[in-house]
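Here the structure comes first, spelled out in structure tokens, and everything after it is commentary.
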Amino acid sequence: LLDEARNRMHADLEKRLAEGRTPLTESEIEHAANNLGYSAVKYFDLKNSRDRDYVFDYDAMLASDGDTAVYLIYSYARICSIERKIASELGVNIEEVVARGA
């Protein structure tokens, strides 16, 4: 189950690399596939309510949009990237701004 999710995520990342749609290197893809694949299964399992029927679907788990771990992790990475850009271009430390409440 987990290995299949990892393998599918690895294939998707390899495809994105071939299309030039990811900044990941070949060596980073293995690590990312592990994290994304395993997280996707865990998140999908935990988000389902026990009073509903469980429909197992790899495509839904590994989707890069919607209520999925892949999208959640992407959003986090995007926010971190924005923070780094603000820090380097404007010299503003976001954590200090948040701590001040401004």
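The values are calculated or read from the model by the stated rules, or taken from the named source; none is laboratory data. Quantities reported herein were computed from a predicted structural model and do not represent experimental measurements. Note that we place each Cβ from the backbone using ideal geometry, even for glycine, and neighbour counts take in every protein chain shown. Side chains are part of the model used for accessible areas, which takes the heavy atoms of the whole protein and leaves out ligands, DNA and RNA. Shrake-Rupley method; radii C 1.70, N 1.55, O 1.52, S 1.80 Å.
Explain nothing, just the number: dipole magnitude of the chain about its Cα centre with +1 on each Lys and Arg Cβ and -1 on each Asp and Glu Cβ, in debye rounded to the nearest 20.
About 260 debye.
Which order do 64, 39, 27 take by accessible area at a 1.4 Å probe, largest first?
27, 64, 39
Skip the ligands, DNA and RNA, and give the accessible area per residue of the chain with a 1.4 Å probe, whole Å².
73 Å²
Which of the trypsin sites (Lys or Arg not before Pro) found in the stretch 51-102 are in a DSSP loop and have at most 11 neighbouring Cβ atoms, other than their own, within 10 Å?
Values: sites: 52, 78, 84, 85, 100; in loops: 52.
Here the trypsin sites (Lys or Arg not before Pro) that fit, given the DSSP loop and packing criteria, are 52.
What do you get for the angle between helix 69-90 and the principal long axis of the chain? Use alpha-carbon atoms, 0 to 90 degrees, nearest ten.
That works out to roughly 10 degrees.
Only Cα pairs within less than 10 Å get springs; with that Gaussian network setup on the chain, which residue of 59, 67, 51 has the largest fluctuation?
So, out of 59, 67, 51, the one fluctuating most is 51.
Determine the share of the chain's accessible area contributed by carbon and sulfur atoms, expressed in whole percent, with a 1.4 angstrom probe.
Accessible surface attributable to carbon and sulfur in the chain totals 53 percent.
Have a look at 41, 92, 70 and tell me which one the Gaussian network model of the chain (Cα, springs below 10 Å) gives the largest fluctuation.
Fluctuation is largest for 92.
Ignoring everything except DSSP H segments at least 4 long, calculate the 222 nm mean residue ellipticity for the chain; use -39,500 (n - 2.57) per segment, divide by total residues, nearest 500.
Helix-only estimate at 222 nm: -23000 deg cm²/dmol.
Of the chymotrypsin sites (Phe, Trp or Tyr not before Pro) in the chain, which ones lie in a loop per DSSP and count no more than 15 other C-beta atoms within 10 Å?
54, 56
I want to verify a result. In a Gaussian network model of the chain, Cα cutoff 10 Å, which of these has the top mean-square fluctuation: 37, 20, 66?
Among 37, 20, 66, the largest GNM mean-square fluctuation belongs to 20.
Among 80, 23, 58, which residue has its Cα positioned farthest towards the positive end of the charge dipole of the chain, with +1 placed on the Cβ of Lys and Arg, -1 on the Cβ of Asp and Glu, and the dipole taken about the Cα centre?
Final value for the positive-end residue is 80.
What length, rounded to one decimal in nm, is gained on full extension from residue 46 through to residue 30, with 0.36 nm per residue of separation minus their alpha-carbon distance?
3.3 nm
As I understand it, the value is the acute angle between the Cα axis of helix 26-47 and the longest principal axis of the Cα atoms of the chain; what does it come to in degrees, rounded to 10?
70 degrees
How far is it, in nm, from the label point at residue 92 to the one at residue 22 when both lie 7 Å from their Cα along the line to the Cβ?
3.2 nm
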